[in-house]
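Asks: Provided herewith is a single structure, encoded as structure tokens, for subsequent inquiry.
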Amino acid sequence: MTSYLKEGRRWPGSEWLKNHPAFLENSYAATKRWVKVLYPLLKQISPSATERLMIWAEKTSKGYLFNCQMCGQCILHSTGMTCPMNCPKNLRNGPCGGVRANGHCEVIPERMCVWVQAWERSRMMPTGGDEILWLQPPVNHQLQNTSAWINLCEGIDQQQPAGWVPLSELK
């Protein structure tokens, strides 16, 4: 099989976990609480070591579980615990017009469309399942290979790119 996307190694059971996103949603919420408490403390001790630790932890855990592409703006919790950056076209707001009738990707036909998986998994999320309907801002490529958790704590992931007008502000 020819693949046009970097594929990561997977932990045994990672596909099973992704297909049961309610557990991952609860894990995400707990991790978010802990990171918001611990990050400011760790940052005071050693900002550079904290950054290296956070990046390593994300690459290791999210890389193995979700084939994380380290975009720095993680929206797993809004996409059925399915990383949209695994879409060969890097689409963040749903599938392209080329999804095949069997739900497979038009670019890599051997693979299910990331967005078909995201939709199916989001329907199994008790709390954040409807977040898949939210319009996501464009990817800020300057955040590539940075920690999404740090960017969340610092509010960096919420900064809108120049020219982006959120749907809520359109009248």
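Asks: May I ask you to verify whether CYS71 is surrounded by 15 or more Cβ atoms within 10 Å (Cβ to Cβ), outside any helix (DSSP H, G or I) and at pLDDT 90 or above?
Replies: Considered against the rule, which asks whether it is surrounded by 15 or more Cβ atoms within 10 Å (Cβ to Cβ), outside any helix (DSSP H, G or I) and at pLDDT 90 or above, CYS71 comes out as yes.
Asks: Can you name every residue in region 74-90 that is within 9 Å of the chain's Cα centre (by Cα), in a loop (DSSP other than H, G, I, E, B) and free of Cβ contacts under 8 Å to residues at least 60 places away in the same chain?
Replies: THR79, CYS83
Asks: Consider ARG100 against the criteria (1) under 19 Å from GLN158 (Cα atoms); (2) in contact with a Pro (Cβ under 9 Å, 6 or more places away or on another chain); (3) not aromatic (Phe, Trp, Tyr): it satisfies all of them except one. Which criterion is unmet?
Replies: Unmet for ARG100, out of (1) under 19 Å from GLN158 (Cα atoms); (2) in contact with a Pro (Cβ under 9 Å, 6 or more places away or on another chain); (3) not aromatic (Phe, Trp, Tyr): (1).
Asks: Okay, next question. Inspect all residues belonging to region 155-163 and state whether any of them is under 17 Å from the mean Cα position of the chain (by Cα), surrounded by 11 or more Cβ atoms within 10 Å (Cβ to Cβ) and modelled with pLDDT of 90 or more.
Replies: Checked against the condition, which is being under 17 Å from the mean Cα position of the chain (by Cα), surrounded by 11 or more Cβ atoms within 10 Å (Cβ to Cβ) and modelled with pLDDT of 90 or more, region 155-163 yields at least one hit.
Asks: Further question: Pull up region 138-154, narrow it to residues that are in contact with a helix residue (DSSP H, G or I) (Cβ under 8 Å, 6 or more places away or on another chain) and over 14 Å from ARG92 (Cβ atoms), then point me to the one that is surrounded by the fewest Cβ atoms within 10 Å (Cβ to Cβ).
Replies: Ranking the candidates gives ASN145 first.
Asks: Filter region 109-139 down to the residues that are touching a residue at least 60 places away in the same chain (Cβ under 8 Å) and in contact with a Pro (Cβ under 6 Å, 6 or more places away or on another chain), then identify the one that is nearest to LYS18 (Cα to Cα).
Replies: It comes out as ARG121.
Asks: Could you count how many residues in region 139-171 are more than 12 Å from MET70 (Cα to Cα) and polar (S, T, N, Q)?
Replies: Counting residues in region 139-171 that are more than 12 Å from MET70 (Cα to Cα) and polar (S, T, N, Q) gives 4.
Asks: Just a yes or no: is a residue in region 42-53 in contact (Cβ under 8 Å) with a residue 40 or more places away in the chain and surrounded by fewer than 15 Cβ atoms within 10 Å (Cβ to Cβ)?
Replies: Within region 42-53, none of the residues are in contact (Cβ under 8 Å) with a residue 40 or more places away in the chain and surrounded by fewer than 15 Cβ atoms within 10 Å (Cβ to Cβ).
Asks: Ok, one more. Got at least one residue in region 104-114 being in a helix (DSSP H, G or I) and more than 19 Å from the chain's Cα centre (by Cα)?
Replies: So far as region 104-114 goes, no, none of its residues is in a helix (DSSP H, G or I) and more than 19 Å from the chain's Cα centre (by Cα).
Asks: If I go through region 124-137 residue by residue, how many of them are assigned to a loop (DSSP other than H, G, I, E, B) and closer than 16 Å to PRO95 by Cα?
Replies: Total meeting the criteria: 4.
The values are calculated or read from the model by the stated rules, or taken from the named source; none is laboratory data. Source: prediction; values computed, not measured. Heads up, the Cβs are rebuilt from the backbone with ideal geometry, glycines too, and the neighbour counts pull from every protein chain shown.
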